[in-house]
Every structure is written in structure tokens, then in C-alpha cells.
Amino acid sequence: MNGCLLKVKEAFDDLKPSEKKVASYILSFPEESVGLSVGELAQRCNTSNAAIIRFCKTLRFDGYRDFAIQMASDISSQRVEEDSYTDIQVGDDLETIIKNVSYNNKKSITDTLLVLDIEELKKAIAVLHSSKRIDFYGVGASGLIAQDAQQKFMRINRYSMAYTDTHLQATAAANLSAEDTAVFISYSGETRDIVETMEIAKKTKAKTISITKFGNNTLNSKADIKLFTASSETSMRSGASGSRIAQLNVIDILFSGLGSIEYSEIKKYLDRTRKVRAIKKFRD
């Protein structure tokens, strides 16, 4: 499964009205949509050919042909009707809670792999590799992801900081340079303070990376490199647990990708930090 239908679902809320007509029809009748020409699909959706093309471009396909091929692949894989995210119900026994929470977290990672663009990941790892300084910005639950990222990159002696306070974010971003990279984390991509900090960072010519949900949003529209996650926040998961797991996974991929190309250099730093932490644990 290549995630064609997943991308439609994830981007739905951000689509224009004419594009939502297309998305609604495809999600309601996925099998009937396969094999239709642009004109036939437009007729079924009561919209124009141009709207179909815009819809495909919005979802980051090369065009309708690319979308149609991947859509057909989704259907033929017989994995379109995968189990959906499962909400936790009041009164659920512990065994059910364990099963559902674990499944939802696993699905968040699996779905994220379907919307991640490997070429964008390569670009992100390349700029991180060449950066003098790496900053991570996030608020709320995304701030925790920024702190996790800082901890990881510090272990390999990369100058990195995590900023979760909005005033400190603005101050730090203003002092970036063209040799630096700023990573902005926001599942919605619409967190006002993070968007404003991105705008400050852009003025310094620093490279910018966004980590947001799939689809169009203000934050990724301004970023040099766009990385996407996928998750579904059900009512009991309103603490952004699914998006947090997905974001952590993307940070791990970036860290591991950088570590792979720098391993001969960073091994000594990993060994040092491992020994220091072992000593501290023994003393505690």
C-alpha cells in the first residue's frame, strides 16, 4: 500500500471546496474511482477537470495519471480496508486498553511511513549534516519532541538547542545564520507562535525544516524542507499521543540517518556519553 487513500484522508480538512468534492467521492467509492478518466471523475464529482488536476497537485502527485496509478495500487493491494484507529471507551478493561493504545501507536508510525517523502528526508539529513547549529522549536506536546531531539543530537556532539518558550523561540531564531538549520514541529502546522518563529528564522537565511501532518498548512508552506506525519487523534487521545509517537519516529529517522553518514566521527561521542551515563546511574 502506497498511502494514496491515506493522503486523501489526511489532507481532507485543508482542501478547497471543489477539491473536497473529489476527495469525498473517492473516499466513498474508492473501487468505482479506479480507471476513470479525468473527465469521468469530474462528472461523478460534479466539478471541473481543472479541479481534479488541482486536487492531485495538492496531494503532491505529479498529475492525475500518477494519482490514478497509485490509487489502483492501493485498491489491488486489498489493504484499503485496514482497521481504523480505535478510541478508548469508558469502562474498557486494562487488557483492551493495552491492546488499543499499542495498536494506535503502531498505526501512527505505519501511516507516517506512507506519507514521508524519502527525497525530502535525504535533503533534511544533508542540511543537518552541513549545519553549524541545529535548533528545534515546538510548543505543548511538540515541545517535548523538540527536547527529545536536542537530547539525541547532543549525544553526538552536535550543537543543538530545543526551544519551547515562545519568547525564547523568537530570540533564538533571530540569531540564526545561513550556516544553521531550524526544525519546526507542529502537527497542525498552524500553531501561531511556531509560524511566527519560522518567519523570523527565514529572514536569517537559515535552512528550515517543518514536521507537520500531511497536507497544506501555513508552516510547511514556508519551510525549505517539508516532512509529514500521519495520525488520528480520537477523543481519548486528545493529548496528541498519536502525533507525538509519529513525530518521535521522524526525529529518530533523522538522527539515525545523520548518524549513519557520520558514524566514524560520532562513535567516540556515543561511547563517551554512554560511559558517563553508566557512571551516573551507578552513583545514583
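The values are calculated or read from the model by the stated rules, or taken from the named source; none is laboratory data. All values derive from a computational prediction rather than experimental measurement. Here Cβ is always computed from backbone atoms with ideal geometry, including for glycine, and neighbour counts include all displayed protein chains. Note: accessible area is taken over every heavy atom of the protein model, side chains too, but ligands, DNA and RNA are not part of it. Shrake-Rupley method; radii C 1.70, N 1.55, O 1.52, S 1.80 Å.
Points to keep in mind about this one:
- Test: residue in the range 271-280 that is modelled with pLDDT of 80 or more and out of contact with any Phe, Trp or Tyr (no Cβ under 9 Å at 6 or more places or on another chain): no
- Pairs, first among the hydroxyl-bearing types (Ser, Thr, Tyr) in the range 176-191, second in a loop (DSSP other than H, G, I, E, B), C-beta under 7 Å, six or more apart: SER177/THR204; SER177/ALA206; THR181/SER131; THR181/ALA206; SER186/GLY138; TYR187/ALA240; SER188/ASN217; THR191/VAL139
- Of residues in the range 74-85 being polar (S, T, N, Q) and open to solvent by 50 Å² or more (accessible area, probe 1.4 Å), the one modelled with the highest pLDDT: SER76
- Any hit, the range 169-183, residues being in a loop (DSSP other than H, G, I, E, B), in contact with an Asp or Glu (Cβ under 9 Å, 6 or more places away or on another chain) and more than 15 Å from ARG244 (Cα to Cα): yes
- Count of the range 158-195 residues which are among the hydroxyl-bearing types (Ser, Thr, Tyr) and touching a helix residue (DSSP H, G or I) at 6+ places or on another chain (Cβ under 7 Å): 7
- Selection status of SER188, of a type in the set (S, T, N, Q) and open to solvent by 10 Å² or more (accessible area, probe 1.4 Å): yes
- Subset tally (residues that are open to solvent by 30 Å² or more (accessible area, probe 1.4 Å) and either under 22 Å from LYS213 (Cβ atoms) or hydrophobic (A, V, I, L, M, F, W, C) (or both)) for the range 137-151: 6
- Of the residues making up the range 141-157, not a single one is within 19 Å of ASP224 (Cβ to Cβ) and in a loop (DSSP other than H, G, I, E, B).
- Options ILE211, ILE156, ILE134: the member that is under 21 Å from ARG60 (Cα atoms) and open to solvent by less than 50 Å² (accessible area, probe 1.4 Å): ILE211
- Residue match in the range 87-94 (condition: loosely packed, with under 15 Cβ neighbours inside 10 Å and at pLDDT 95 or above): no
- Inside the range 26-47, residues that are farther than 13 Å from LEU5 by Cβ, among the small types (Gly, Ala, Ser) and either free of Cβ contacts under 8 Å to residues at least 24 places away in the same chain or touching a helix residue (DSSP H, G or I) at 6+ places or on another chain (Cβ under 6 Å) (or both) make up a count of 3.
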